[in-house]
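Report on the following structure.
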Amino acid sequence: MKPPPFDYHGPVTLGEALDVLAEAGPDGKVLAGGQSLIPLLNMRLAAPAHIVDVNRVPGLDGIEAGQDGVRVGALARHAAVERSPEAAALPLLRQALRLVAHPVIRNRGTVVGSLVHADPSAEMPAVLALLGGSVRLAARGGEREVAAADFFTGPMESALRPGELAVSAFFPALPGRSGTAFHEVSRRHGDYAVAGVAAAVTLDEDLRVTAARVACVSVGPVPVVVDVTTACGPRPAGSAGWEAAAAAVRDRIEPEGDIHATADYRRHLTGVLAVRALRDAAAAAHGEEA
Amino acid sequence: MNETRHRVTLKVNGVVREATVPGRRLLSDCLRHDLGLTGTHVGCEHGVCGACTVLLDGEPVRSCLMFAVTADGHEITTVEGLARGDGEPSPVQRAFSECHALQCGFCTPGFLCAVTAFLRDNPAPSEEEALEAVSGNLCRCTGYQNILKAVHRAAEIQASEIQAAEIQAEEGGA
Amino acid sequence: MTTRLFGEPVQRREDARLVTGGGRYLDDLGAGALAAAFVRSPHAHARILDIDVSAALDVEGLVAIYTWEDLPGALAEPLPLLIPHPALTHGRTAYPLAKEIVRHVGEPVVMVVAPDRYLAEDACALIRVDYEILKPVVGIEEAAGGAHLVHEDVPGNVGAHLVQEVPGHGGVPAREAVDAAPHRLEFRLDIERSACTPLEGKGVYARWDADDGSLRIYSSTQTSTSVRMAIAAKLGLPLPKVEVVAPDVGGGFGVKIVHPWPEEILVPWAARLLNREVKWTEDRREHFVSSSHERGQVQRVRAGFDDDGRVLGLEVEILHDHGAYTPYGIIVPIITSTQLLGPYKVGAYRVEFSSLYTNTVQVTPYRGAGRPQGVFCMERTMDKIAAYLGKDRTEVRAANFIQPGEFPYDQGLMFQDGRPLIYDSGDYPEALRMLKELIGWDSFAEDKARAAAEGRRIGIGVGCYVEGTGVGPYEGGHVQITSDGRVHVSTGLTSQGQGHETVFAQIAATELGVPIEKVSVVTGDTRRFGYAVGTFASRAAVMSGNAIALACRKVREKALRIAAEALEADPRDLEITDGTVHVAGVPSASIPLATVAVLSNPLRYAFDEEARRATQFAGAGSDDRPPVAEGEEPGLEGRDYYSPVRSTFAAGMHAAIVETDPDTAEIRILRYAVVHDCGKLINPMIVEGQIHGGVAQGVGGALYEKMAYDEHGQLLNASFMDFLMPYATEVPHIETAHLETPSPLNPLGIKGAGEAGVIPVSAVIASAVEDAEGIAIDRMPISPSDLHHLRLER
């Protein structure tokens, strides 16, 4: 299992990287962490003519937190984000990152790379989708910011166009009295989830649920975001209709069976995880208030 | 159909090494076949087994999921570099042997590298932390029980050595 | 220091090199050798219409491309059927490179040799093979249906069919015994495929010495001696011109006992033809689709029993999936059929198996080799009887146990070695008592009730087995003490992590009375020892261990004889301590073994200090006696073989406590306990390690691992991403206790330990999940998804 031949490019500035990518067009592939790309190359399931290794491009490894959210650069490794005090402002990031593969993979893999890889079983796309974040795509001649809802277009497919480099992703902050949680079941610890649910719950002053959303992994072509506010509230978090929310989630998802789990089991499991994630998210929201 | 080759300079186990490799040369193959450091093993070449784990600037990474060219200019530590300068096995190496944490030994270099970095950052780990630290490496022989035991044993050895060194330093200072 | 090392947890002597990167595994050898790679069939069943290599010819530095048509003489014939059996009426093996038909995805079709593996794979990718796709046969049921055939000339896809019957008292056949029993149960069991999956795949590296006309081959094998014979035969070389070395081997678990693999003869052939060093290192995907799998069986069971749960009659019908070829014969279903009875006395027993071809990877032994399936059958039967009678599951087992006074116990069957299945020793009631105490069997009901009150579901399970170990025909050992006092031990069988360098050194040091530091052990190198069978069937310690002990005893006897002469003492008064022969009770009257070695070899040439002394001693001999006495040989060395009349039978009992999540159906093993009896322990630390590893593989087989073939015969999980080998996070802590019932059959009183851990795990986990859920668990492995659906069907 050795990768097929390709032309290797190691640009040292963003401009140079974008130039190379522009010239390579559809034959070019960006290499950052490589933890998803290189297995595909080793198995010869992908054979790009040009690999553009952006690891030497300065300024892409930033993790910046502001009032409105956290921006993560293309070379910020999972582990760096997991440990970063800036990213701690958004607990969901850490909740999700500890579920991404294993620590050694997280040392090298990047958050933005996970997004661009757009695996519907992966955690980070679900987080971006749940929070309504966006990905910033740069190309020679300009940048564009694509909202999560538009970014994930299918299994392993994103809105990234040939010649573009995903330079950063933005994870918006949640309003006050919000909490999040991420629950998943995988066959082995560190495997892609059989099913998983990221949840965000916002409470009002009287601790009633005013907003509740989940994003589900492994149950559709892209992360499936379901707004369950109506099913949950507006009721006190303690007596919220989590089961009704789970039913709503089960109705919305389109799981498929594979060698690890049937579609029916995934549907059932997603409901179970939705209840757990929503309940924990509500507790976190409550905790924040307290 | 001749491939372009790239000159790569790596500092491996403290020694500057050079190789000229195609862009697709995996770091694992570069270490093993270009530099002759065959202690790093290759068990799956898709990043799951962890046998090829080495330290890149001190952090454990899969050398089968990295191109040698990407590592140009970086420091690499392989299993051959874990022992001390005088050849004395490191606490982690000693603990693995003491606790019978290896059988066929093929996966062992990956575990040793991962655990070495882990104990550097977390010298007194809990059971759960130790488990998480080795959770990305496959072993088909040991059932892991003795590997977990070795992680804690290595922490003990490390701690007692640090203590001994401190005492020596104090005595030296006094 | 003491030289009594047998039975001590001596630290492994292999480790110093293995923890420092100093191991030498196959792919660590042969820097600069050419690399081989293979074009393998992408179809499960197809006819090769055309092979077009033209596009590959431009690959940088390409050296050679071979297809079946290029193979000369014996190489063009099918690979050997290693273990024929009269019941295997339709044995079939593959060609080294496919001839006309491919019968499973992964079958080698074209061999490429190039400067490195990258380029070899580039060439493979450019070779076009046209196939006419044929209907594949996938799955046991489809094979048994026989609507389509894997081999045109094998009707019904049946490779072998075998019936063994042990009638009950008065010659009552099993069927009648079942029918006449007070109670009867009938059920079906399913076990899926798994595989050995050592972390290091297979590999071969060959060096042809054109001047000498000889081949040196390194292979990651469990039997270097037989690989050697196979290569000599296939390439038409004189045996002394072929040497095979098993270097450090990164795990075997059975898959590497099969030989010769196509690559094991193709690579040496190419090396000789090209007069270049050639190496092939199997990659992970290749290992999944072109080595071996095991375990897949369907069993139909009828059991008749009395009010105490005693089995009066047992009928088992097994459909065994042996994949596309049968190079290793029908060892696996034979073992299932014969080891199924475990520690129990069954009134009357009839077992029938059909071994079936499918268009999937061939099936050959994987650690346990058919036993896990047999034990699953018997232990499920025990649990079902207990459930039916409302009895404690251990009570039913105890009612059926062979009692300690009943050994040797003849089960009336013919074992895998073609010899009667007679258990040598054991104490099953004591083992069960120890297990129940270890796991807390009798108080578990309270724990379970307490958990239930908290909304948790827990269950306990148990499983017992007997394992025939140390099968013959023989192994040998050679021991030489050189004039520097060092002891060189060699044996022909190979090592894959079992710590043979350590345990054999322990045996030699104990037998010879020398410090272990003086002993070095070489295994699996035909240059050192040419006669051997191989490492499988938990046989290495029993076979080579005893052979080495016997060889040591020869050397010891000779040493004492020579020393007695030098010391003018009676050899019966001599003992050896710390490498020195001395008169018992008179430490001053002594002579080091090194000097004895010098004395044993009357040399003419004084090339060093020791040799100078030898020439002096030789000169000092009597004029009317030859320097080497009649019947003597120069040198202090000995060779001996151990060849047992029959196997020795180890046993064990495992128990587990599991928790199942009422909502997610996840299954977690909370506790796992093992009582193990492999006779006398040479090195308890190593035996425990073997048990841990075996249980971990068993957990894999019970909860995670399967070979997921689709209806086209494509293996959907041919990677570590989707073949779920357990990580540390999936394997429970294992609590062990040892019972030592020595084997009366061999000088050391030992039994094999290598496979034990894996054997009962699926049965134990099924038993525990069944207890937690109250649902019959008749199919393994079981995933959360499976359990979820079982709950829905309830």
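A short reminder: the numbers here are calculations on the coordinates, not readings from a lab. The model shown is predicted, which means the values in this text are computed figures rather than measured ones. Every residue, glycine among them, receives a Cβ derived from its backbone with ideal geometry; neighbour counts consider all protein chains shown.
Brief remarks on what is shown
- Dipole magnitude (debye, nearest 20) for chain C, charges at Cβ of Lys, Arg, Asp, Glu: 680
- Mean per-residue shielding of peptide A:108-114 is 2, counting Cβ atoms of other chains within 10 Å of each Cβ.
- The H on the amide N of A:Ser186, modeled in the peptide plane, is under 5 Å from the matching H of A:Val194, each at least 5 residues off or on a different chain.
- DSSP-defined antiparallel bridges as percent of all bridges, chain C, nearest 5: 80
- Backbone HN-Hα couplings from phi across segment C:660-677 [Karplus 6.51/-1.76/1.60, Hz, Gly and Pro as x]: 10, 7, x, 9, 8, 6, 5, 10, 10, 8, 7, 9, 9, 10, 10, 10, 10, 10
- Of the DSSP H helices in chain B, those with a Cα length along their own long axis of 30 Å or more and a mean Kyte-Doolittle hydropathy reaching -0.5 comprise B:145-173.
- Gyration tensor (alpha-carbon) shape descriptor, segment C:1-96, a/c threshold 1.5: oblate
- When the pairs C:Lys99/C:Lys256; C:Lys448/C:Lys680; B:Lys149/C:Lys279; C:Lys202/C:Lys241; C:Lys99/C:Lys202; C:Lys345/C:Lys436 are compared against a 30 Å limit on Cα-Cα distance, C:Lys448/C:Lys680; B:Lys149/C:Lys279 fall above it.
- Ranked C:Met685, C:Met414, criterion: other C-beta atoms within 10 Å, fewest first: C:Met414, C:Met685
- Take the convex hull of the alpha carbons in chain A; its mean projected area over all directions comes to 14.6 nm².
- Compactness relative to 2.2 N^0.38 Å, alpha carbon Rg of chain C: 1.01
- In this structure the amide hydrogen of C:Val278, modeled in the peptide plane, comes within under 5 Å of the amide hydrogens of C:Leu34, C:Ala206, none closer than 5 places in sequence on its chain.
- Average 1/r across all pairs of distinct alpha carbons in segment A:38-172, invert it, and you get the Kirkwood radius: 15.1 Å.
- For residues of C:235-244, the mean tally of beta carbons on other chains within 10 Å: 0
- Altogether, the Stokes-Einstein calculation at 4 °C and 1.567 mPa s, with the Kirkwood radius of the protein assembly as shown over Cα pairs as Rh, returns a diffusion coefficient of 40 µm²/s.
- Centre-to-centre, using Cα atoms only, segment A:198-254 and segment C:726-794 are separated by 41 Å.
- The Cα-based radius of gyration of segment C:549-669, divided by its Kirkwood radius, gives an Rg/Rh of 1.42.
- log₁₀ of I(q)/I(0) at q = 0.12 Å⁻¹ - segment B:91-173, Debye sum with one point per alpha carbon: -0.35
- Chain B: C-alpha gyration tensor shape, a/c 1.5 cut-off, then a/b vs b/c: oblate
- Taking B:Val16, B:Val79, B:Val151 in turn, the Gaussian network model of chain B (Cα-Cα springs below 10 Å) assigns the largest fluctuation to B:Val16.
- Whole-Å distance, taken between Cα centres, linking segment C:347-372 and segment A:5-76: 50
- Per-residue shielding of B:127-136, expressed as the average number of other chain Cβ atoms within 10 Å of the residue Cβ, stands at 5.
- Mean Kyte hydropathy of 0.5 or more with a Cα span along the axis of at least 18 Å, helices from DSSP in chain A: none
- When the square roots of the Cα gyration tensor eigenvalues are ordered a ≥ b ≥ c, the ratio a/c for segment C:476-533 is 1.5 or more and a/b does not exceed b/c, which makes its shape oblate.
- Taking only Cα atoms of segment B:5-81, radius of gyration then Dmax in Å: 10.8, 29
- Most positive-pole-ward Cα, B:Gly58, B:Ala19, B:Thr78, against dipole of segment B:5-81 from beta carbon charges: B:Ala19
- Only helical runs count toward this figure. For chain C, summing -39,500 (n - 2.57) over DSSP H runs of n ≥ 4 and dividing by all residues gives -8500 deg cm²/dmol at 222 nm.
- Fraction of antiparallel bridges per DSSP, segment C:452-562 only, in percent to nearest 5: 50
- When only alpha carbons are used to place a centre, segment C:61-120 and segment C:439-515 end up 37 Å from one another.
- Of all DSSP beta bridges confined to segment C:473-642, the antiparallel ones make up roughly 80%.
- P(r) of segment C:271-314 over all Cα-Cα pairs, binned every 10 Å from zero, in whole percent: 18, 19, 19, 12, 14, 10, 8, 1
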